[in-house]
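J.: Submitted below is the structure of interest, expressed as C-alpha coordinates.
The values are calculated or read from the model by the stated rules, or taken from the named source; none is laboratory data. Since the model is a prediction, treat every value here as computed from it, not as a measurement. Cβ atoms come from the backbone with ideal geometry, glycine included; neighbour counts cover every protein chain shown. Ligands, DNA and RNA are excluded from the accessible area calculation, which covers all protein heavy atoms including side chains. Shrake-Rupley method; radii C 1.70, N 1.55, O 1.52, S 1.80 Å.
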Amino acid sequence: MLRYETAGESHGETLVALLTGLPAGVPISLEKINRELWRRQQGYGRGGRMKIETDRAHIVSGVRHSKTIGSPIAVLLENKDWKNWTEALPVEDAEGSADSAKPVTRPRPGHADLAGCIKYNFPEARYILERASARETTSRVAMGAICKLLLEQFGIKVLSHAVAVGSAHLGRDASWEEIEALCERDEILLNCVDHEVEQRMKDEVDVAYKTKDTRGGIFEVVAHGLPVGLGSHITYDSRLDGRLAQAIMSIQALKAVEIGSGTVTSVSPGKDAQDTIHYNKVEHEFYRGSNKAGGLEGGITNGQDLVIRGYIKPISTLRQPLESVDLRTREVATGAYERSDVAVVPAAGVIGEAMTAFVLAQAFLEKFGGDSLDETRRNYDGYQQQVRQF
Ligand code: EPS
(Lines give C-alpha, C1' and ligand atoms only; values in the text may rest on other atoms or scores of the structure.)
Protein backbone atom coordinates (compact mmCIF):
# COMPACT_ATOMS: atom_id res chain seq x y z
CA MET A 1 0.00 0.00 0.00
CA LEU A 2 1.42 3.38 -1.00
CA ARG A 3 1.40 5.74 1.97
CA TYR A 4 3.00 8.98 3.08
CA GLU A 5 3.63 11.02 6.16
CA THR A 6 4.86 14.56 6.64
CA ALA A 7 6.52 16.24 9.60
CA GLY A 8 7.73 19.72 10.33
CA GLU A 9 6.65 23.08 11.67
CA SER A 10 6.28 26.27 9.64
CA HIS A 11 9.34 27.91 11.21
CA GLY A 12 11.10 24.74 12.38
CA GLU A 13 14.45 23.58 11.06
CA THR A 14 13.25 21.23 8.33
CA LEU A 15 10.13 19.83 6.72
CA VAL A 16 10.04 16.11 6.05
CA ALA A 17 8.13 13.91 3.61
CA LEU A 18 8.22 10.12 3.79
CA LEU A 19 6.74 8.10 0.95
CA THR A 20 6.61 4.32 1.26
CA GLY A 21 5.43 1.70 -1.22
CA LEU A 22 6.65 2.82 -4.63
CA PRO A 23 8.08 0.02 -6.79
CA ALA A 24 11.80 -0.06 -7.54
CA GLY A 25 13.02 1.40 -10.81
CA VAL A 26 10.88 4.55 -11.05
CA PRO A 27 13.03 7.30 -12.62
CA ILE A 28 13.41 10.23 -10.20
CA SER A 29 14.29 13.71 -11.40
CA LEU A 30 15.20 16.27 -8.76
CA GLU A 31 14.70 18.96 -11.37
CA LYS A 32 11.07 17.91 -11.84
CA ILE A 33 10.42 17.72 -8.09
CA ASN A 34 11.99 21.15 -7.60
CA ARG A 35 9.88 22.62 -10.37
CA GLU A 36 6.74 21.45 -8.53
CA LEU A 37 8.08 23.05 -5.34
CA TRP A 38 8.74 26.26 -7.26
CA ARG A 39 5.23 26.22 -8.73
CA ARG A 40 3.76 25.94 -5.22
CA GLN A 41 5.63 29.04 -4.15
CA GLN A 42 4.27 31.22 -6.96
CA GLY A 43 1.17 33.32 -7.45
CA TYR A 44 0.19 36.92 -6.99
CA GLY A 45 -0.92 37.42 -3.39
CA ARG A 46 1.75 35.50 -1.50
CA GLY A 47 3.31 37.07 1.59
CA GLY A 48 6.89 38.01 2.44
CA ARG A 49 7.84 34.49 3.44
CA MET A 50 8.08 33.34 -0.15
CA LYS A 51 10.93 35.83 -0.70
CA ILE A 52 12.87 34.06 2.05
CA GLU A 53 12.30 30.47 0.97
CA THR A 54 13.59 28.67 -2.13
CA ASP A 55 12.23 25.20 -1.64
CA ARG A 56 14.46 22.37 -2.83
CA ALA A 57 14.08 18.63 -2.26
CA HIS A 58 16.92 16.91 -0.46
CA ILE A 59 16.34 13.16 -0.87
CA VAL A 60 18.18 11.15 1.77
CA SER A 61 16.86 7.64 1.18
CA GLY A 62 15.01 5.39 -1.24
CA VAL A 63 16.64 6.66 -4.44
CA ARG A 64 19.98 5.63 -5.95
CA HIS A 65 21.37 6.59 -9.38
CA SER A 66 18.16 8.51 -10.14
CA LYS A 67 15.83 5.54 -9.60
CA THR A 68 13.73 4.35 -6.68
CA ILE A 69 15.01 1.21 -4.96
CA GLY A 70 11.73 0.19 -3.34
CA SER A 71 12.61 1.41 0.16
CA PRO A 72 10.92 4.39 1.88
CA ILE A 73 11.78 7.69 0.21
CA ALA A 74 12.65 10.40 2.73
CA VAL A 75 12.78 14.00 1.56
CA LEU A 76 14.08 16.89 3.65
CA LEU A 77 13.07 20.45 2.84
CA GLU A 78 14.97 23.21 4.53
CA ASN A 79 13.16 26.16 6.14
CA LYS A 80 15.51 29.07 5.51
CA ASP A 81 13.42 31.17 7.90
CA TRP A 82 14.42 28.81 10.73
CA LYS A 83 17.52 30.88 11.45
CA ASN A 84 15.19 33.71 12.55
CA TRP A 85 13.24 31.37 14.83
CA THR A 86 15.89 29.31 16.62
CA GLU A 87 15.27 31.11 19.89
CA ALA A 88 11.48 31.01 19.60
CA LEU A 89 11.29 27.32 18.72
CA PRO A 90 14.23 25.53 20.39
CA VAL A 91 14.18 21.74 20.58
CA GLU A 92 15.76 21.79 24.03
CA ASP A 93 14.52 24.14 26.67
CA ALA A 94 17.20 26.58 27.73
CA GLU A 95 17.55 29.32 30.31
CA GLY A 96 15.35 32.25 29.31
CA SER A 97 13.95 30.55 26.22
CA ALA A 98 10.40 31.10 27.48
CA ASP A 99 10.98 34.86 27.03
CA SER A 100 11.55 34.50 23.30
CA ALA A 101 8.70 32.08 22.62
CA LYS A 102 6.62 34.54 20.53
CA PRO A 103 3.32 33.48 22.13
CA VAL A 104 0.07 33.97 20.22
CA THR A 105 -2.66 34.61 22.77
CA ARG A 106 -5.31 36.18 20.54
CA PRO A 107 -6.73 33.29 18.48
CA ARG A 108 -7.72 34.15 14.90
CA PRO A 109 -11.33 33.38 13.97
CA GLY A 110 -11.24 30.71 11.25
CA HIS A 111 -7.76 29.43 12.17
CA ALA A 112 -6.92 26.27 14.12
CA ASP A 113 -5.68 28.50 16.99
CA LEU A 114 -8.49 28.24 19.56
CA ALA A 115 -9.76 24.70 18.96
CA GLY A 116 -6.13 23.52 18.88
CA CYS A 117 -5.22 25.25 22.15
CA ILE A 118 -8.22 23.79 23.95
CA LYS A 119 -7.61 20.31 22.55
CA TYR A 120 -3.84 20.20 23.20
CA ASN A 121 -4.06 22.18 26.43
CA PHE A 122 -1.69 24.96 25.34
CA PRO A 123 -2.07 28.40 26.93
CA GLU A 124 -1.24 30.03 23.58
CA ALA A 125 -1.40 29.08 19.92
CA ARG A 126 2.24 29.18 18.77
CA TYR A 127 2.66 25.41 18.50
CA ILE A 128 -0.80 24.95 16.98
CA LEU A 129 -0.24 27.44 14.18
CA GLU A 130 3.27 26.18 13.51
CA ARG A 131 1.84 22.86 12.38
CA ALA A 132 -1.54 24.08 11.08
CA SER A 133 0.30 26.41 8.69
CA ALA A 134 0.16 25.65 4.98
CA ARG A 135 3.95 25.56 5.00
CA GLU A 136 3.40 21.83 5.63
CA THR A 137 2.16 21.49 2.07
CA THR A 138 5.73 21.86 0.82
CA SER A 139 6.23 18.26 2.00
CA ARG A 140 3.04 17.15 0.29
CA VAL A 141 4.11 18.70 -3.00
CA ALA A 142 7.51 16.95 -2.84
CA MET A 143 5.78 13.65 -2.13
CA GLY A 144 3.16 14.26 -4.84
CA ALA A 145 5.87 15.15 -7.35
CA ILE A 146 7.37 11.69 -6.82
CA CYS A 147 3.92 10.11 -7.33
CA LYS A 148 3.65 12.11 -10.56
CA LEU A 149 6.91 10.55 -11.73
CA LEU A 150 5.34 7.10 -11.37
CA LEU A 151 2.14 8.16 -13.16
CA GLU A 152 4.16 9.81 -15.93
CA GLN A 153 5.60 6.37 -16.77
CA PHE A 154 2.09 5.35 -17.82
CA GLY A 155 1.21 8.53 -19.70
CA ILE A 156 -0.81 10.05 -16.85
CA LYS A 157 -0.42 13.78 -16.14
CA VAL A 158 -1.96 15.79 -13.29
CA LEU A 159 -2.20 19.60 -13.62
CA SER A 160 -4.28 22.47 -12.25
CA HIS A 161 -5.56 25.95 -13.00
CA ALA A 162 -7.39 28.71 -11.16
CA VAL A 163 -11.13 28.88 -11.78
CA ALA A 164 -11.90 31.75 -9.39
CA VAL A 165 -10.17 34.24 -7.11
CA GLY A 166 -12.72 36.11 -5.04
CA SER A 167 -15.55 37.03 -7.38
CA ALA A 168 -13.41 36.88 -10.56
CA HIS A 169 -14.53 33.60 -12.16
CA LEU A 170 -13.38 31.87 -15.35
CA GLY A 171 -17.02 31.03 -16.13
CA ARG A 172 -16.24 28.31 -18.69
CA ASP A 173 -14.45 24.97 -18.95
CA ALA A 174 -10.74 24.96 -19.76
CA SER A 175 -9.43 22.45 -22.31
CA TRP A 176 -6.61 20.06 -21.41
CA GLU A 177 -4.38 21.74 -24.01
CA GLU A 178 -4.96 25.15 -22.41
CA ILE A 179 -4.14 23.82 -18.94
CA GLU A 180 -1.02 22.05 -20.22
CA ALA A 181 0.28 25.20 -21.92
CA LEU A 182 -0.48 27.25 -18.78
CA CYS A 183 1.45 24.89 -16.51
CA GLU A 184 4.54 25.01 -18.73
CA ARG A 185 4.93 28.76 -18.23
CA ASP A 186 7.89 30.07 -16.29
CA GLU A 187 5.92 32.94 -14.81
CA ILE A 188 2.82 32.38 -12.74
CA LEU A 189 0.49 35.25 -11.96
CA LEU A 190 -2.80 33.62 -10.92
CA ASN A 191 -2.58 30.51 -13.10
CA CYS A 192 -5.73 31.22 -15.08
CA VAL A 193 -6.08 30.09 -18.72
CA ASP A 194 -7.87 33.35 -19.67
CA HIS A 195 -5.72 36.48 -19.66
CA GLU A 196 -8.62 38.89 -19.14
CA VAL A 197 -10.05 36.88 -16.21
CA GLU A 198 -6.56 36.61 -14.73
CA GLN A 199 -6.30 40.41 -14.72
CA ARG A 200 -9.63 40.60 -12.88
CA MET A 201 -8.30 38.04 -10.40
CA LYS A 202 -5.28 40.28 -9.88
CA ASP A 203 -7.58 43.27 -9.29
CA GLU A 204 -9.37 41.23 -6.61
CA VAL A 205 -6.06 40.59 -4.86
CA ASP A 206 -5.11 44.27 -5.15
CA VAL A 207 -8.38 45.27 -3.47
CA ALA A 208 -7.68 42.73 -0.72
CA TYR A 209 -4.19 44.23 -0.19
CA LYS A 210 -5.61 47.75 -0.04
CA THR A 211 -8.42 46.88 2.34
CA LYS A 212 -6.21 44.66 4.53
CA ASP A 213 -8.39 41.73 3.64
CA THR A 214 -7.87 38.30 1.98
CA ARG A 215 -9.47 36.33 -0.88
CA GLY A 216 -10.36 32.70 -1.43
CA GLY A 217 -11.29 31.01 -4.66
CA ILE A 218 -11.56 27.80 -6.65
CA PHE A 219 -8.87 25.67 -8.27
CA GLU A 220 -9.41 22.77 -10.61
CA VAL A 221 -7.18 19.72 -10.84
CA VAL A 222 -7.32 17.64 -14.02
CA ALA A 223 -5.73 14.20 -14.48
CA HIS A 224 -5.27 13.20 -18.11
CA GLY A 225 -4.44 9.79 -19.60
CA LEU A 226 -6.01 7.60 -16.92
CA PRO A 227 -6.95 4.01 -17.64
CA VAL A 228 -10.53 2.84 -17.07
CA GLY A 229 -10.81 1.01 -13.76
CA LEU A 230 -8.94 2.75 -10.93
CA GLY A 231 -10.94 2.63 -7.69
CA SER A 232 -13.98 0.45 -7.20
CA HIS A 233 -17.72 0.52 -6.51
CA ILE A 234 -17.54 -2.47 -4.15
CA THR A 235 -16.91 -0.76 -0.80
CA TYR A 236 -17.25 2.78 0.55
CA ASP A 237 -13.53 3.09 1.10
CA SER A 238 -12.47 1.87 -2.32
CA ARG A 239 -14.57 4.47 -4.15
CA LEU A 240 -12.07 6.83 -5.71
CA ASP A 241 -14.33 9.89 -5.53
CA GLY A 242 -14.53 9.58 -1.73
CA ARG A 243 -10.78 9.08 -1.44
CA LEU A 244 -10.02 12.07 -3.64
CA ALA A 245 -12.50 14.26 -1.78
CA GLN A 246 -10.80 13.42 1.51
CA ALA A 247 -7.37 14.14 0.07
CA ILE A 248 -8.42 17.50 -1.38
CA MET A 249 -10.42 18.49 1.70
CA SER A 250 -7.35 17.88 3.86
CA ILE A 251 -5.63 20.89 2.28
CA GLN A 252 -5.46 23.85 4.66
CA ALA A 253 -8.39 26.32 4.30
CA LEU A 254 -10.37 24.04 1.94
CA LYS A 255 -14.10 24.20 2.56
CA ALA A 256 -15.69 22.32 -0.35
CA VAL A 257 -14.84 19.83 -3.09
CA GLU A 258 -16.60 19.24 -6.39
CA ILE A 259 -16.11 16.38 -8.83
CA GLY A 260 -16.92 17.12 -12.46
CA SER A 261 -19.96 19.39 -12.73
CA GLY A 262 -21.31 18.22 -9.36
CA THR A 263 -22.61 21.58 -8.14
CA VAL A 264 -24.44 22.10 -11.45
CA THR A 265 -25.79 18.59 -12.05
CA SER A 266 -27.06 18.25 -8.49
CA VAL A 267 -29.74 20.84 -9.31
CA SER A 268 -30.34 19.98 -12.98
CA PRO A 269 -32.82 17.43 -14.41
CA GLY A 270 -31.48 13.85 -14.51
CA LYS A 271 -31.49 13.79 -18.31
CA ASP A 272 -29.07 16.73 -18.38
CA ALA A 273 -26.78 15.41 -15.69
CA GLN A 274 -25.25 12.31 -17.37
CA ASP A 275 -22.65 11.66 -20.07
CA THR A 276 -24.18 9.69 -22.97
CA ILE A 277 -22.37 6.53 -24.11
CA HIS A 278 -21.25 6.01 -27.74
CA TYR A 279 -19.12 3.50 -29.61
CA ASN A 280 -16.60 4.12 -32.37
CA LYS A 281 -16.75 1.00 -34.56
CA VAL A 282 -13.55 1.87 -36.43
CA GLU A 283 -11.39 2.40 -33.33
CA HIS A 284 -13.38 -0.19 -31.31
CA GLU A 285 -13.69 2.26 -28.45
CA PHE A 286 -16.40 3.59 -26.20
CA TYR A 287 -16.61 7.35 -25.86
CA ARG A 288 -18.84 9.90 -24.10
CA GLY A 289 -20.90 12.84 -25.21
CA SER A 290 -19.59 15.02 -22.37
CA ASN A 291 -17.69 14.80 -19.08
CA LYS A 292 -20.09 16.04 -16.41
CA ALA A 293 -19.12 13.11 -14.18
CA GLY A 294 -15.53 14.38 -14.07
CA GLY A 295 -14.11 11.02 -15.12
CA LEU A 296 -15.60 8.99 -12.28
CA GLU A 297 -18.66 6.75 -12.27
CA GLY A 298 -19.42 4.47 -9.33
CA GLY A 299 -16.13 5.54 -7.78
CA ILE A 300 -14.25 4.07 -10.79
CA THR A 301 -12.25 6.01 -13.37
CA ASN A 302 -14.04 5.78 -16.73
CA GLY A 303 -11.12 6.83 -18.93
CA GLN A 304 -12.21 10.45 -19.29
CA ASP A 305 -10.22 13.26 -17.72
CA LEU A 306 -10.58 13.30 -13.94
CA VAL A 307 -11.79 16.77 -12.92
CA ILE A 308 -11.88 17.84 -9.29
CA ARG A 309 -12.31 21.33 -7.86
CA GLY A 310 -11.25 22.64 -4.48
CA TYR A 311 -12.97 25.64 -2.89
CA ILE A 312 -10.64 27.51 -0.61
CA LYS A 313 -11.88 30.06 1.90
CA PRO A 314 -10.15 33.43 2.29
CA ILE A 315 -7.11 33.10 4.57
CA SER A 316 -8.04 33.71 8.20
CA THR A 317 -4.97 35.78 9.12
CA LEU A 318 -6.25 39.32 8.56
CA ARG A 319 -4.32 42.58 8.76
CA GLN A 320 -7.58 44.12 9.94
CA PRO A 321 -8.34 41.40 12.50
CA LEU A 322 -11.77 40.30 13.68
CA GLU A 323 -13.07 40.17 17.21
CA SER A 324 -11.58 37.52 19.43
CA VAL A 325 -10.74 36.96 23.09
CA ASP A 326 -7.31 37.20 24.73
CA LEU A 327 -6.51 33.80 26.20
CA ARG A 328 -4.60 35.36 29.14
CA THR A 329 -7.21 37.90 30.27
CA ARG A 330 -10.42 36.54 28.63
CA GLU A 331 -11.07 40.13 27.62
CA VAL A 332 -12.28 41.23 24.20
CA ALA A 333 -9.36 41.49 21.77
CA THR A 334 -8.68 41.36 18.05
CA GLY A 335 -7.24 38.24 16.42
CA ALA A 336 -3.45 38.09 16.16
CA TYR A 337 -1.75 39.17 12.94
CA GLU A 338 1.39 37.47 11.69
CA ARG A 339 2.96 38.02 8.28
CA SER A 340 0.76 36.05 5.93
CA ASP A 341 -0.51 35.51 2.41
CA VAL A 342 -3.46 37.41 0.91
CA ALA A 343 -4.56 34.86 -1.71
CA VAL A 344 -3.18 31.42 -2.52
CA VAL A 345 -5.38 29.82 -5.20
CA PRO A 346 -2.53 28.94 -7.65
CA ALA A 347 -0.48 27.37 -4.84
CA ALA A 348 -3.52 25.48 -3.54
CA GLY A 349 -3.99 24.10 -7.05
CA VAL A 350 -0.44 22.73 -7.08
CA ILE A 351 -1.08 21.15 -3.67
CA GLY A 352 -4.33 19.73 -5.07
CA GLU A 353 -2.31 18.18 -7.89
CA ALA A 354 0.00 16.55 -5.35
CA MET A 355 -2.89 15.12 -3.34
CA THR A 356 -4.60 13.88 -6.51
CA ALA A 357 -1.36 12.35 -7.79
CA PHE A 358 -0.90 10.51 -4.49
CA VAL A 359 -4.44 9.05 -4.48
CA LEU A 360 -4.14 8.07 -8.15
CA ALA A 361 -0.71 6.49 -7.64
CA GLN A 362 -2.10 4.57 -4.67
CA ALA A 363 -5.12 3.32 -6.65
CA PHE A 364 -2.85 2.55 -9.61
CA LEU A 365 -0.54 0.39 -7.50
CA GLU A 366 -3.52 -1.30 -5.83
CA LYS A 367 -4.71 -2.37 -9.27
CA PHE A 368 -1.43 -3.18 -10.96
CA GLY A 369 0.91 -3.91 -8.02
CA GLY A 370 4.54 -4.77 -8.68
CA ASP A 371 7.74 -4.59 -6.66
CA SER A 372 9.57 -3.28 -9.69
CA LEU A 373 8.42 -0.87 -12.37
CA ASP A 374 8.89 -3.65 -14.95
CA GLU A 375 6.44 -5.84 -13.07
CA THR A 376 3.94 -2.98 -12.74
CA ARG A 377 4.24 -2.30 -16.44
CA ARG A 378 3.63 -5.96 -17.39
CA ASN A 379 0.50 -5.99 -15.27
CA TYR A 380 -0.66 -2.68 -16.71
CA ASP A 381 -0.01 -3.78 -20.32
CA GLY A 382 -1.87 -7.07 -19.74
CA TYR A 383 -4.87 -5.23 -18.37
CA GLN A 384 -4.87 -2.72 -21.22
CA GLN A 385 -4.87 -5.61 -23.67
CA GLN A 386 -7.91 -7.04 -21.88
CA VAL A 387 -9.62 -3.64 -22.10
CA ARG A 388 -8.91 -3.44 -25.83
CA GLN A 389 -10.45 -6.90 -26.32
CA PHE A 390 -13.55 -6.11 -24.24
C1 EPS B 1 1.01 30.75 6.73
C2 EPS B 1 1.61 31.96 6.97
C3 EPS B 1 2.75 32.43 6.15
C4 EPS B 1 2.65 31.77 4.79
C5 EPS B 1 2.67 30.29 5.05
C6 EPS B 1 1.37 29.89 5.60
O7 EPS B 1 3.98 32.03 6.68
P8 EPS B 1 4.82 32.98 7.63
O9 EPS B 1 3.99 33.09 8.86
O10 EPS B 1 6.13 32.32 7.85
O11 EPS B 1 4.96 34.27 6.88
O12 EPS B 1 3.62 32.21 3.90
O13 EPS B 1 2.92 29.58 3.92
C14 EPS B 1 4.15 29.13 3.74
C15 EPS B 1 5.18 29.44 4.49
C16 EPS B 1 4.25 28.27 2.58
O17 EPS B 1 5.33 27.78 2.30
O18 EPS B 1 3.21 28.08 1.93
C19 EPS B 1 -0.02 30.25 7.63
O20 EPS B 1 -0.29 30.89 8.65
O21 EPS B 1 -0.63 29.20 7.34
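J.: In Å², and per residue, what accessible area does the chain have when probed at 1.4 Å with the other protein chains present? Display every interim value, and only then the final one.
T.: Numbers: 18940 Å² over 390 residues.
Dividing the accessible area of the chain by its residue count gives 49 Å².
J.: With the cut-off at 23 Å, report for the range 1-150 the share of all Cα pairs above it, as a whole percent.
T.: When all Cα pairs of the range 1-150 are counted, 45 percent exceed 23 Å.
J.: Within 10 Å, count the other beta carbons around each residue, average over each peptide in 239-248, 110-119, and list them highest first.
T.: Values: 239-248: 20.5, 110-119: 17.7.
My ranking of the peptides, most packed first, is 239-248, 110-119.
J.: Also: Once every DSSP H run of n ≥ 4 in the chain is given -39500 (n - 2.57) and the sum is divided by its residues, what mean residue ellipticity at 222 nm do you get, rounded to the nearest 500 deg cm²/dmol? Please report the intermediate quantities before stating the final value.
T.: Numbers: 11 runs with 126 residues, N = 390.
Calculated mean residue ellipticity at 222 nm is -10000 deg cm²/dmol.
J.: How high is the relative contact order of the range 98-254, given as a whole-number percent (alpha carbon pairs under 8 Å, six or more residues apart)?
T.: Worked out over the range 98-254, it gives 21 percent.
J.: Using only Cα atoms, locate the centre of the range 337-362 and the centre of the range 64-95, then give the distance between them in Å, rounded to an integer.
T.: 20
J.: Based on the mean of other Cβ atoms within 10 Å per residue, sort peptides 259-271, 303-315 so the most packed one is first.
T.: 303-315, 259-271
J.: What percent do you get for the relative contact order of the chain when only Cα pairs under 8 Å and 6+ apart count?
T.: Across the chain, relative contact order equals 23 percent.
J.: Here's another thing I want to ask about it. Across the Cα atoms of the chain, what radius of gyration and what greatest pairwise Cα-Cα distance (Dmax) are found, in Å?
T.: Reported Rg and Dmax, both Å: 22.2, 79.
J.: Right, here's the next one. Please report, as a whole percent, how much of the solvent-accessible surface of the range 239-335 comes from carbon and sulfur atoms (probe radius 1.4 Å).
T.: 54
J.: Restricting to DSSP loop positions (anything but H, G, I, E, B) with no more than 11 other Cβ atoms inside 10 Å of their own Cβ, which trypsin sites (Lys or Arg not before Pro) remain in the range 138-192? Can you show the working numbers first?
T.: Values: sites: 140, 148, 157, 172, 185; in loops: 172, 185.
Loop-located and lightly packed - 172, 185.
J.: Okay, next question. Quick one: check the C-alpha center-to-center distance for the range 1-61 versus the range 247-286, whole angstrom.
T.: If we compute the Cα centre of each part, the gap is 30 Å.
J.: Same structure, new question: Students often check this: by mean Cβ neighbours within 10 Å, which of 191-201, 277-287, 120-130, 325-335 ranks highest, and how do the rest follow?
T.: Result, highest mean Cβ count within 10 Å first: 191-201, 120-130, 325-335, 277-287.
J.: Turning to a different aspect of this structure: Please report the carbon-and-sulfur percent of the accessible area for the range 1-126; probe 1.4 Å, protein heavy atoms only, DNA, RNA and ligands left out.
T.: On the range 1-126, the fraction of accessible area on carbon and sulfur atoms equals 53 percent.
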